[in-house]
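Quick notes on the structure that follows.
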Amino acid sequence: AKRFLQLLRPLLGWEEASRDSGATRAFSKRILKWRLVGEGYSSQLPADEQRYIFRLAFRMWSEVTPLAFQEDLTGPAAQVDVKLGFGRGRHLGCPRVFDGSGQEFAHAWRLGDVHFDDDEHFTPPASDTGISLLKVAVHEIGHVLGLPHTYRTGSVMQPNYIPQEPAFELDWSDRKAIQKLYGTCEGSFDTAFDWIRKERNQYGELLVRFSTYFFRNSWYWLYENRNNRTRYGDPIHILMGWHGIPAQNIDAFVHIWTWRRDERYFFKGNQYWRYDSDKDQAHTEDEQGDRYPKLISEGFPGIPSPLDTAFYDRRKRLIYFFKGSLVFAFDVNRNQVLNSYPKKIIDVFPATASQNHPFRNIDSAYYSYAHNSVFLFKGNVYWKVVNDRDKQHNSWLPSNGLFPKESISGKWFDICDVHTSTLGM
Amino acid sequence: EILFHSRDHSDLEPSFLRQAQPIANPRTAQRFLAKYGWTAVPRPGDPGPSAFAEAMRAFQSANQLPATGVLDVATLRAMNRPRCGVPDHRGTPDPRAQTPPARAR
């Protein structure tokens, strides 16, 4: 055996594991490179399918951690953090010999090597026979990242293979376990908004539902409030889900929703687009004959651009446009800025705790139907605006006051970036 | 093509020739427990078999089986299930994979 084999040590179960859960953080950098090594391709699945399954496995971990994984096909092996390969019996210079079909189907080593026993019948995610390569890969990558085995029902880190429906995901506890090692996902958002959907139930009654969206750069997440997480498989490209609006860096979204009006606008730069919810695409010309995109100065006289953000206050029938340290209140009925505006943000949205205020350049102003509140986002924190219920409990609170800042990731969980090379998956 | 590396395609042979040795008796069961970190630390004066029984009980309990410490059919079935090769338990280091502490390169 080559001497360097002696450096290979089985993961976990060794004295470095932390005393309690046995989980140890394995990497201290954010972007990790991986490779299915050339001599380690399986003879059972087409090569590109193997690489696709591993790319998906890594992506699933990056959807819940600040880590990003990038496939590296050509760089020096020494710079590849995780090397994967298939083998039979004695394999890939590994000190541990695979046992043939049955029992041990894969293992992972401290230095980030992951081996799969090619005597096992590995199958693609859609198959309901054999051993799901995706599920085993997610498990072994969990080891490489530092997670030990657990017997907790539903965990991907159970030692034994459990046949799974095709759509398996990392459950809440697995997410918390890996976030204990690598932290939660932080970051600012270009815009956040609730999208109203009108549906009719089987009795023909109109139902109004909403979905929450977070936009960042050229990708976005749908946030499932009832599950406290983003939709499985998000983020995805804006262009994949929204048609006719700019592909990235949206400044603001405003939904003017009254008894007679239902207008949805996206803002970017000095232009805005109106979105047709029924046709799921931006208007080129709306029912009033307005052609889009339009100049903000035309549709909203007195409003500067580019904007920082904006939101529509349904009670007051006002749009609050934010730019720098100023806020503009725009009366949608009279189609003009209120006379007393612009004002300083801190004057319209006063701090309830001294100096605890965004002051200027906020990223997003988001009215949440789930929380019946407006949130002002800046960086990775938010300030909640005092709402009617808050005032009923504490009459001393100023109208539109801002509660002290909180962490966005502490309220909206697992809004994580993935490596741009995997966004299209 | 289906990938092969040997000139005679022998590595494409059906894998049924290479079956994992089933765990079917106390000796292979003991090796299984040691391999995956289910080794109870023997106490002074502690006869070996009870340490084995203790390790067995821990494994049975983790697998929601009656923790009898006796090797029964259900326990053998659990041991023969497909699984990951990483040890379950901190336990004592696997003597077979004994390696010196890694020196910084």
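Values quoted throughout were computed directly from the atomic coordinates according to the rules given, and no laboratory measurement underlies them. All values derive from a computational prediction rather than experimental measurement. All Cβ positions, glycine included, derive from the backbone under ideal geometry; neighbour counts span all protein chains shown.
What is the calculated FRET efficiency for residue A:180 to residue A:347, with r their C-beta to C-beta distance and R₀ = 35 Å, to the nearest 0.05?
Rounded to the nearest 0.05, the efficiency is 0.25.
If neighbour count is taken as other Cβ atoms inside 10 Å, put A:180, A:279, A:135 in order from fewest to most.
Working: A:180 15, A:279 10, A:135 20.
The order, fewest Cβ neighbours first, is A:279, A:180, A:135.
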If contacts are Cα pairs under 8 angstrom and at least 6 residues apart, what is the relative contact order of segment A:290-393 in percent? 18
Using a ≥ b ≥ c from the Cα gyration tensor of segment A:326-381 (square roots of the eigenvalues), is it rounded, prolate or oblate, where a/c under 1.5 gives rounded and otherwise the larger of a/b and b/c decides, a/b for prolate? oblate
Vicinal HN-Hα couplings computed from phi for segment A:116-133 (Karplus, 6.51 cos²θ - 1.76 cosθ + 1.60; Hz; Gly/Pro x): 10, 6, 6, 7, 7, 9, 7, 10, x, x, 6, 7, 10, 10, x, 10, 5, 5
Between segment A:374-420 and segment A:316-345, what's the alpha-carbon centroid distance in Å? 21
Listed pairs A:268/A:294; A:29/A:83; A:176/A:384 exceeding 20 Å between Cα atoms: A:176/A:384
Selected from A:151, A:336, A:296, residue furthest toward positive end of dipole (chain A; charges at beta carbon): A:336
Hey, can you grab everything whose amide H is under 5 Å from the amide H of residue A:367? Only 5+ residues off in sequence or another chain; H modelled, so Pro and N-termini drop out. A:194, A:375
Once a ≥ b ≥ c are taken as the square roots of the eigenvalues of the Cα gyration tensor of segment A:257-324, is the result rounded (a/c under 1.5), prolate (a/b larger than b/c) or oblate (a/b not larger than b/c)? oblate
How large is Rg over Rh for segment A:124-247, taking Rg from the Cα atoms and Rh as the Kirkwood inverse mean of 1/r across Cα pairs? 1.05
Quick one: 3J(HN,Hα) in Hz for segment A:210-217, Karplus 6.51/-1.76/1.60 with θ = phi - 60°, rounded, Gly and Pro as x. 9, 10, 9, 10, 10, 10, 9, 6
Explain nothing, just the number: dipole magnitude of the protein assembly as shown about its Cα centre with +1 on each Lys and Arg Cβ and -1 on each Asp and Glu Cβ, in debye rounded to the nearest 20. 1500
Expected vector for segment A:176-192, Karplus 3J(HN,Hα) from phi with 6.51, -1.76, 1.60 and θ = phi - 60°, integer Hz, x for Gly and Pro, equals 5, 5, 6, 6, 5, 8, 10, x, 9, 7, 10, x, 9, 10, 5, 7, 9
If you rank A:425, B:79 by fewest surrounding Cβ atoms within 10 Å, what's the result? A:425, B:79
Other chains' Cβ within 10 Å of A:95-105 residues: what's the mean? 6
Per residue of A:296-306, how many C-beta atoms from partner chains lie within 10 Å of its own C-beta, taken as a mean? 0
When chain A is modelled as a GNM with alpha-carbon springs shorter than 10 Å, which of A:334, A:360, A:175 fluctuates the most? A:334
Least to most buried among A:60, A:157, by other C-beta atoms within 10 Å and fewest first, runs A:157, A:60
Hey, could you get me the Stokes-Einstein D for the protein assembly as shown, Kirkwood radius over alpha-carbon pairs, 10 °C and 1.306 mPa s, rounded to whole µm² s⁻¹? 59
Taking the Cβ-Cβ separation of residue B:64 and residue A:400 as r and a Förster radius of 60 Å, what is the calculated FRET efficiency to the nearest 0.05? 0.60
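Under 1.5 on a/c is rounded, so check that first for segment A:115-168, then, if it is not, pick prolate when a/b is larger than b/c and oblate when it is not; a ≥ b ≥ c are the square roots of the alpha carbon gyration tensor eigenvalues. The partial results should precede the final answer.
On the way: a/c = 1.95, a/b = 1.34, b/c = 1.46.
Here segment A:115-168 falls in the oblate category.
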If one takes the longest principal axis of the Cα atoms in chain A, at what angle in degrees, from 0 to 90 and to the nearest 10, does the Cα axis of helix A:47-62 lie? 60
Spin-label pair residue A:198/residue A:97, simplified geometry with 7 Å Cα→Cβ offset, distance in nm: 7.2
